[in-house]
Amino acid sequence: MYVFSRFEGLSIARRYNALLAFAIAKLIPIRTEFGFGLLTIGCSPGGGASNAWALMLGGDLNLSILMTFVSFLSSLFMMPLLLFAFGRFFIDVSQVKIPYGNICIQLLQIAIPALLGLGLRFWKPKAAKWFTKLTRPLFLFFILFFLTFGIYANLSILKLIGSYPIVMPTGALLPWLGFALAALIAFGLRQPRTVVITIALETGIQNISAAILVLLYSMPQPAGDLGAVMPITVSLFTPIPLYFIYMGITIRTRCCQKSASTELPEVRTLKQEVNSNETVSRSKEVCDDLLDHNDACQV
């Protein structure tokens with residue numbers, strides 16, 4: 001099941017995301033630079049932020065890291081293949097350059113921490129548990145940092161996006177539809193809830209740096225800079241629904257904890273007595289059934 005989920009999720013992320021980006025770029029009347037930029041981000045490997053969101057939203061973190069690594073590994077041949085197949089409708093594909101060095105570096109950035117974590121869990125299990133407790137607060141800090149400083153650092157890009165209003169809904173469609181369609185497909189294939197969440201995140205969250213490097217080196221200036229606006233737009237709109245989902249999960253968890261803490265002690269005692277009585281009665285019924293069965297066998 002685990003291996004099946006990995007390759008199934010990778011197939012959804014690589015195949016349907018590129019087709020979805022191509023369809024959006026052709027159906028919406030946008031400039032060629034923006035269209036190729038959207039296609040490039042659709043053909044890029046998964047982003048590392050999906051691992052953080054998988055932990056925050058209750059996904060399978062191990063599956064998320066594995067899918068991200070396999071996504072980067074497969075992008076060494078899948079990214080040029082997809083760009084050659086769909087990119088000809090936008091630019092001369094002979095000019096496309098894939099940032100293999102950047103992809104290999106990011107592969108190491110995923111593999112080395114994972115190997116260190118496995119070694120720490122094997123040789124120092126107590127330290128591994130301590131680091132595990134720090135994971136969620138660190139990821140939460142990372143998300144808040146991106147939400148605040150990331151927007152401030154991209155104010156100039158936001159002003160440029162304001163000059164092309166159609167770029168904003170176009171950039172939002174790719175990740176949001178990616179989340180929805182991937183979750184629907186995984187749910188239709190009867191995958192567990194954690195796997196559905198992970199596959200949806202791995203499909204909707206893409207690597208921005210690889211797409212920007214492709215655009216800057218494959219298109220003449222200033223077309224390359226203009227095309228790079230689309231990956232940045234996608235990155236700004238990608239986490240918006242995830243913020244609302246995380247807020248909903250947090251509010252529901254807090255409300256459940258509050259209702260449990262405000263429950264009267266007498267009610268808790270009564271519930272425990274009822275549960276114990278039910279357990280005793282069920283045990284008696286099982287014993288009676290066994291005795292009846294033994295008597296029948298002796299007869």
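Read-outs: derived from the displayed coordinates by stated rules, not from any lab. Computed from a predicted structure; not experimentally measured. Don't worry about glycine lacking a Cβ; one is built from the backbone with ideal geometry, like all the others, and counts go over all protein chains shown.
Within 10 Å of each residue's Cβ, count the other Cβ atoms and sort Cys255, Cys104, Cys43 from fewest upward.
Numbers: Cys255 10, Cys104 13, Cys43 28.
If I rank by nearby Cβ atoms, fewest first, I get Cys255, Cys104, Cys43.
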Discussion item. For segment 212-254 and segment 123-170, what is the centre-to-centre distance using only Cα atoms, to the nearest Å?
Written reply: 11 Å
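Could you give the dipole magnitude of segment 2-260 about its Cα centre, charging the beta-carbon of Lys and Arg +1 and that of Asp and Glu -1, in debye to the nearest 20? Before the final figure, lay out each step's value.
Working: 19 positive and 6 negative charges, 196 e Å.
That gives a dipole near 940 debye.
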Worksheet, complete the sentence: For segment 2-260 the mean separation of alpha carbon contacts under 8 Å (6+ apart) over residue count, i.e. relative contact order in percent, is 34 percent
Practice prompt. Can you list which of the trypsin sites (Lys or Arg not before Pro) found in segment 109-196 are DSSP loop residues with at most 14 other C-beta atoms within 10 Å?
Written response: Arg190
